[in-house]
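The block underneath contains the structure these notes are about, expressed in structure tokens.
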Amino acid sequence: MAPPFDLQGHRGARGLAPENTLAGFELAMRLGVTTLEMDASITADGVVVVSHDAALNPQITRDAQGRWLERRGPLIRSLTLAQLREFDVGRIAPGSGYARSFPDQQPQDGARIPTLAEVFALVRRMGAGQMRFDIDTKVYADRPDDTLPPEQFVRALLAVIDAAGMADRVMIQSFDWRTLAIVRRLKPAMDTMALTTQGGGFDNIRDERWTAGLRLQELGSVPAMVRAVGGTIWAPAHEQLSPERLQQAQALGLKVIPWTVNESAAAERLIDWGVDGIISDRPDRIRAVMAGRGMALPPVVAPEA
């Protein structure tokens, strides 16, 4: 059953622990979240792993000798799982823009990119039977060679989810709505979350390659586009949400869960508007806002024995 308010730990708890690592997911569960938000990629030998970037990110990656990558690393799809395990993603490169963005993140030297199966196993070991998962398909409409094609990618992802018996606890999200349409066809009962951003250097709404061919000028609004692709949840950049757009989406039967909300004041405002959840690098802060309002809180999960 979906929670009354969905507090999602973004990439685990990126503001406090290395992103998309077992340590980060464990911390998020210990803090008390509804959902673990994460990103999926697939290795050369077909293993679904948890990584935001299609290629190794030099701001968070060291090689087997402990040296920081000097530039964008190899594509994950070009590496076997064994090769990927040689890289350490347990700390942010000092002096990087990423380090300035997350000054409270505590390093976990030796952390490796985990498989999705390992994340599911961690949740089982910790007894978090209520924990949900929000998995972002890292497929790129403008860089098709960076990953497997959408159909192959989605089928590989769903196979891992089914093998773990987690289908009823998973939602699939993406900026590339082609993957959402495939999920709706293969798993019609599974929630799909349409990510959107309409500013800066990336606007997935203006490019129909990202929206599975849907056009804003034909459908009239972003929420209507989300409904047309079969989405059940709209996940806009929180700065681009307004009370009017929120009401429009909810009137169409969509839940609205904005990203990435890290400041308490923004969380207060969005909760006042009536959002259905929040994705945050700092779930501790959002939880404190919820507690101050007397909202029901997700259970805190005890650490492994």
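The values are calculated or read from the model by the stated rules, or taken from the named source; none is laboratory data. Since the structure is predicted, the reported quantities are computational estimates derived from the model, not experimental observations. Backbone-built Cβ (ideal geometry, glycine too); neighbour counts: all protein chains shown.
Please work out which one of (1) of a type in the set (Gly, Ala, Ser); (2) touching a residue at least 40 places away in the same chain (Cβ under 8 Å); (3) surrounded by fewer than 22 Cβ atoms within 10 Å (Cβ to Cβ); (4) outside any loop (DSSP other than H, G, I, E, B) is the condition ALA28 fails and give its number.
So ALA28 meets the others, but not (3).
Residue check: is ARG11 at pLDDT 95 or above, surrounded by fewer than 22 Cβ atoms within 10 Å (Cβ to Cβ) and of a type outside the set (S, T, N, Q)?
No; evaluated as a whole, the condition is false for this residue.
Quick one: in region 203-221, which of the residues that are in contact with a Phe, Trp or Tyr (Cβ under 8 Å, 6 or more places away or on another chain) and not small (Gly, Ala, Ser) is surrounded by the most Cβ atoms within 10 Å (Cβ to Cβ)?
THR211
Consider region 253-305. How many of its residues are assigned to a loop (DSSP other than H, G, I, E, B), modelled with pLDDT of 95 or more and hydrophobic (A, V, I, L, M, F, W, C)?
Count: 9.
Starting from region 200-211, take each residue that is within 13 Å of MET225 (Cα to Cα) and list its partners that are surrounded by 11 or more Cβ atoms within 10 Å (Cβ to Cβ) and of a type in the set (Lys, Arg), counting only C-beta distances under 6 angstrom and pairs at least six apart or across chains.
Pairs that qualify, where the first residue is within 13 Å of MET225 (Cα to Cα) and the partner is surrounded by 11 or more Cβ atoms within 10 Å (Cβ to Cβ) and of a type in the set (Lys, Arg), are GLU208/ARG215.
If I ask for residues that are crowded, with 21+ Cβ neighbours inside 10 Å and under 30 Å from PRO4 (Cβ atoms), which ones from region 40-69 would you list?
Within region 40-69, ALA40, VAL50 qualify.
Looking only at helices (runs of 4 or more DSSP H) that fall completely inside region 48-165, which ones have 1 or more residues that are hydroxyl-bearing (Ser, Thr, Tyr) and free of Cβ contacts under 8 Å to residues at least 12 places away in the same chain? I'd like the intermediate steps shown before the answer.
Details: elements: 81-84, 97-101, 116-125, 150-163.
It comes to 97-101.
Of the conditions (1) in a strand (DSSP E or B); (2) over 26 Å from LEU7 (Cβ atoms), LEU195 satisfies every one except a single condition; which number is it?
(2)
Return a yes/no flag: does region 66-85 have any residue that is modelled with pLDDT of 95 or more and under 18 Å from VAL33 (Cβ atoms).
The answer is no; no qualifying residue exists.
Looking at region 214-252, which of its residues are assigned to a helix (DSSP H, G or I) and touching a Pro at 6+ places or on another chain (Cβ under 6 Å)?
Across region 214-252, the qualifying residues are HIS238, GLN248, ALA249.
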